[in-house]
Amino acid sequence: MTDTDLKNVPSYSKVLAHLLKAPLYAHDKDGWHQLLQHQRSIQQHFGAVALTLYVDEQEGYAFLKPLSAEEEEMWREERGEDPPRLVSQRKLSYGHTLILVLLRKRLLEHDAQGGDTRLVIPRDEIQEMMQVFLPDETNQARLTENVESGINKMIDIGILRALNNDREHVEVNRILKAKITPTELESIVESLKKYRP
């Protein structure tokens, strides 16, 4: 890379790289500040490759979304080609989907009660919530192992946040509100009940 190339690298390049891998949260103060400062340029950068930057300043998160079906159609009409696919769609197992939906339901209940915006819950509570949806003969040791695996998966994809010096609790990231709306929630819960293993 030449000196000229280095001069052309935007000051917010770390934010671009971060967003391609995971959501960005307000607790990453430097990254969040750069995101808000250069939001329009960042949106233009990702818009060129058919991604939309979704920012919720009040809740303190940002992530990249693929174009909606309508936006994809507009892209085709304007450019005469299909938009590129840069964000992979993750397929989740039944257990992972179940955790995701139960956490969203818990966040909805928490918000309805008012008070603290942070939702920190014990890992044991996630296991208790899951037990209702699993066959009665589910082996307890296997359930605990599956819940831990599911919690780790939710941490990997940015839905949960591990807490420093506290292995017993996790924080539910509020980005989950943007991933599953209240309208979608109940129908997904009913589907999970119907198709449980």
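The values are calculated or read from the model by the stated rules, or taken from the named source; none is laboratory data. Just so it is clear, the model here is predicted, and its values are computed rather than measured. Backbone-built Cβ (ideal geometry, glycine too); neighbour counts: all protein chains shown. Just the protein is used for accessible areas: all its heavy atoms, side chains included, with ligands, DNA and RNA removed. Shrake-Rupley method; radii C 1.70, N 1.55, O 1.52, S 1.80 Å.
Fully extended, how many nm does the chain gain between residue 97 and residue 75 (0.36 nm per residue separation, minus their Cα-Cα distance)? Don't skip to the answer; put the middle values down first.
Working: separation 22, 0.36 × 22 = 7.92 nm, distance 3.10 nm.
So the extension gain works out to 4.8 nm.
Please compute the Kirkwood hydrodynamic radius of region 40-153 from all pairs of different C-alpha atoms, in Å with one decimal. Can you show the working numbers first?
Working: mean 1/r = 0.0572 Å⁻¹.
Hydrodynamic radius (Kirkwood, Cα pairs) of region 40-153 is 17.5 Å.
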Rg and Dmax [Cα atoms of region 27-76; Å; Rg one decimal, Dmax integer]: 12.2, 38
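Between their Cα atoms, which of 14/177; 29/179; 14/65; 105/153 are more than 21 Å away from each other?
Those over the limit are 14/177; 29/179.
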With each pseudo-label sitting 7 Å past Cα toward Cβ, what's the residue 13-residue 132 distance in nm, one decimal? 5.0 nm
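Rounded to a whole number, what is D in µm²/s for region 9-98 from Stokes-Einstein with the Kirkwood radius over alpha-carbon pairs (10 °C, 1.306 mPa s)? Let's see the in-between values first.
Details: Rh = 14.4 Å.
Here the translational diffusion coefficient equals 110 µm²/s.
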For residue 11, tell me the accessible area in Å² from a 1.4 Å probe, rounded to the nearest 10. 80 Å²
Can you give me the C-alpha center-to-center distance between region 17-90 and region 93-150, rounded to a whole angstrom? 29 Å
Please work out the average accessible area per residue across the chain, using the 1.4 Å probe convention, and give it in Å². 63 Å²
Between residue 142 and residue 171, what is the spin-label point distance in nm, taking each point 7 Å from the Cα along the Cα→C-beta axis? 3.5 nm
Report the Cα-based extents of region 114-191 along its three principal axes, largest first, to the nearest Å. 37, 36, 24
Plugging the Cβ-Cβ distance of residue 190 and residue 41 into 1/(1 + (r/R0)^6) at R0 = 45 Å yields, to the nearest 0.05, a FRET efficiency of 0.55
With springs only between Cα atoms under 10 Å, which of 174, 40, 104 fluctuates most in a Gaussian network model of the chain? 40
In Å², nearest 10: area of residue 74 left accessible to a 1.4 Å probe: 100 Å²
For the chain, what does the equivalent ellipsoid look like in terms of its semi-axes, each the square root of 5 times an eigenvalue of the Cα gyration tensor, given largest first in whole Å? 35, 21, 16
Which value, in Å² and to the nearest 10, is the accessible area of residue 179 when all protein chains are kept and the probe is 1.4 Å? 100 Å²
Tally up the carbon and sulfur contribution to the accessible surface of the chain as a whole percent, 1.4 Å probe, everything protein left in place. 48 percent
